[in-house]
Amino acid sequence: MTDLPTFLTAHPDSILIDITGTQGSTPREAGAFMLVSQTALWGTIGGGQFEFMAIANAREMLAGSGGKAIMDIPLGPEIGQCCGGRTQLRFRRLTQAVKGELEAKLLGEIERLPEVYLFGAGHVGRALAAALAPLPFSVTVVETRQEELANLPARTKTRLVPMPEALVNEIAAGGAAVILTHDHALDFLIAREALARSDLAYTGMIGSATKRATFAGWLYREGGGERDWIERLTLPIGGAVVRDKRPEVIAAMTAAEILTALGAYRIRSSS
């Protein structure tokens, strides 16, 4: 999907549709929004006939042929949907004031995104950065090699450092550390720092069952680790159900693991 600044530049005459309230089962939550121009869309408020009706209303407003500023839509059989709830929508033309409000909202959302640090930008690291790019994370790729930081997704942050393990303490609580460097010894040092923290939602390392056993032995004998630390380590990343070593497949499976772990952490933290 085109990023928001690009869309706004290409389609300055647009309608902002935002969900102001919901009752019962709905496809999106209050606060979700989308933009509609006469020829393009950005974002979604849930899809289906419900969204089609909202888009049509927005384009009537743009054309000056009608359209409502507020809609209250029941998501039932009468519109061909089966969610069963209701959703209230607000429609506003994209003035400078509305645009400023929207940009502030997005900035706030970005600042609250969980942090995912990828240590290593080899084949799997780059594939994982691409898989995470459209997801609600702040992604930072850490490398010791300048050339490996090229051709990453646009919103990806990068850090070029001689000692990647020193950056583990910068990850905000509830974040993730994914270890994919070209050096097993470096992997072990980074993992030791990550597992020493009990407030990370996910710590994962690329490798195999043999690498896991080797790391566990090193961690207890030389790394100063506690016996239960290894229980917080996902190694190998990507699970064992789909046995496919292509970087893109490993990345897709690992992205799912990270989503699950960070979501579970947020639930535990809020309960």
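At a glance:
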{"read-out": "Rg(Cα) / (2.2 N^0.38 Å) computed for the range 4-110, rounded to two decimals", "value": "1.04"}
{"read-out": "Kyte-Doolittle mean at least -1.0, axial Cα span of 15 Å or more - DSSP H helices of the chain", "value": "48-63, 96-111, 184-195, 209-221, 247-270"}
{"read-out": "Over the chain, equivalent-ellipsoid semi-axes from the Cα gyration tensor in Å", "value": "43, 20, 16"}
{"read-out": "For I171, net neighbour charge (Lys/Arg +1, Asp/Glu -1) across residues whose Cβ lies under 11 Å away", "value": "-3"}
{"read-out": "Percentage of interatomic Cα-Cα distances in the range 226-271 larger than 13 Å", "value": "63"}
{"read-out": "DSSP-loop GluC sites (Glu not before Pro) across the range 2-60, with at most 11 other Cβ within 10 angstrom", "value": "E29"}
{"read-out": "Dipole magnitude (debye, nearest 20) for the chain, charges at Cβ of Lys, Arg, Asp, Glu", "value": "260"}
{"read-out": "Sequence-distant lysines (8 or more away, or on other chains) whose Cα lies within less than 29 Å of K245", "value": "K157, K211"}
{"read-out": "Sum of side-chain charges, A58 neighbourhood, beta-carbon under 12 Å (Lys, Arg +1; Asp, Glu -1)", "value": "+1"}
{"read-out": "For the range 53-77 and the range 1-38, distance of Cα centres in Å", "value": "13"}
{"read-out": "Residue-averaged [θ]222 nm for the chain, counting only DSSP H segments that reach four residues, each worth -39500 (n - 2.57)", "value": "-11500 deg cm²/dmol"}
{"read-out": "Positive dipole terminus of the chain, leading residue within I267, A58, W218 (C-beta point charges)", "value": "A58"}
{"read-out": "Percent breakdown of C-alpha pair distances by 5 Å bin, ordered from the shortest bin, for the range 128-271", "value": "2, 9, 19, 22, 23, 16, 7, 2, 0"}
{"read-out": "Local electrostatic count, S269, Cβ distance below 15 Å [Lys/Arg +1, Asp/Glu -1]", "value": "+2"}
{"read-out": "The range 168-209 - convex hull of the alpha-carbon atoms, volume per residue in Å³", "value": "68"}
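None of the figures in this text is laboratory data; all of them are computed from the coordinates on show. This is a predicted model, so every value here is computed, not measured. Cβ atoms come from the backbone with ideal geometry, glycine included; neighbour counts cover every protein chain shown.
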